[in-house]
Amino acid sequence: MRACVDGLVAISRTVADLARTEAFYRDGFGFRRLGPVEGIPAAMLEALGLPEASGGRLRMGLGRQSIEFLAFDVPGQRYPVGAGANDPWFQHAAIVVSDMDRAFARVEALGPVPISRGGPQVLPPSSGGVTAWKFRDPDGHPLELIAFPEGGAGRWTRALGLFAGLDHSAIAVTDIEASLAFFRDGLGLRLTARGLNAGPEQATLDGLPDPVVDVIALSPSGVATPHVELLHYRTPPAPAAPLPLTARDRATSRLCFGIDDLPALLARLAEARPEHAVLRSGDGHMAGLTGPDGHGILLMARRDTDGGAVGPA
């Protein structure tokens, strides 16, 4: 059996202030801290290409999924002002809610910057029939509240609480085939759904004029939640090339994948995708690389994910 990632164990984001971030995610959605704030591990810094850097790491959980935040002692660039949902560095985290009206009122009270025009939007059945609303956290990172129609997402039917957990992380991509070759053929994610979203509801949700967007769901071989979604905007196309960013910069996020046989996966990537440079930690337990549009990827040996993953939904 070929080596492939078997779970998205965390979504990682760079922020300016860990205390502010913790308060926002705790008070807005009920995230809980997973252990104390700690220094960014040396292996992670090496995999991010910043071996001499330092900073703090905050891990938080919601339901049975987790997210982590890195704040560097020497910070990088701010999140670009005026960025749109079709920019190539866009990456949102989708939070499942059981009651959209209550969830929207609670989060709106915190005064986040909206991406969607107006409140939550009910998408047509052709786009999944979900109710969704997009906005930004204090550093500019996109978030989405999502409520599934009854019977629309079996994995969440027994989830508890107003804010149930993280369903997926969606990234904007400019080339579907290149992205599929990387995430499906390279990392071993399974293509589990594919659709084309358009119409006035999608325009209001995305804050874009007349969007037509391919939505492709890719799931790890083991734990299915959270999964990855590729967002390819046919119109309007990405207005700019990917930014030259490092992990210090607040526009950066990372998909943190767990894998049982990291050396085997890295060997296959080196043979099949030599254009994707890989940074390995000195202990061999972690590796960092970027996808075709510059989205950050961290590959972690499963023995090192115990503190970050909190199990499947």
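Could you tell me whether the range 207-214 includes any residue that is among the hydrophobic types (A, V, I, L, M, F, W, C) and either assigned to a strand (DSSP E or B) or within 30 Å of ALA264 (Cα to Cα) (or both)? Yes, because at least one residue in the range 207-214 is among the hydrophobic types (A, V, I, L, M, F, W, C) and either assigned to a strand (DSSP E or B) or within 30 Å of ALA264 (Cα to Cα) (or both).
Out of the residues in the range 81-113 that are more than 18 Å from the chain's Cα centre (by Cα), closer than 12 Å to GLY140 by Cα and touching a residue at least 12 places away in the same chain (Cβ under 8 Å), state the one that is surrounded by the fewest Cβ atoms within 10 Å (Cβ to Cβ). Only one residue fits best here, namely VAL113. GLY282: in a loop (DSSP other than H, G, I, E, B), in the same structural domain as LEU18 (by TED's automatic domain parsing) and modelled with pLDDT of 90 or more, yes or no? Yes. Within the set ARG254, ARG250, the sole residue that is of a type in the set (Lys, Arg) and either assigned to a strand (DSSP E or B) or within 27 Å of GLY284 (Cβ to Cβ) (or both) turns out to be ARG254. Going residue by residue through the range 188-208, is there one that turns out to be farther than 20 Å from VAL122 by Cα and of a type in the set (Gly, Ala, Ser)? Checking the range 188-208: at least one residue is farther than 20 Å from VAL122 by Cα and of a type in the set (Gly, Ala, Ser).
The values are calculated or read from the model by the stated rules, or taken from the named source; none is laboratory data. Keep in mind that this is a model prediction, so the values were computed, not measured. Note that we place each Cβ from the backbone using ideal geometry, even for glycine, and neighbour counts take in every protein chain shown.
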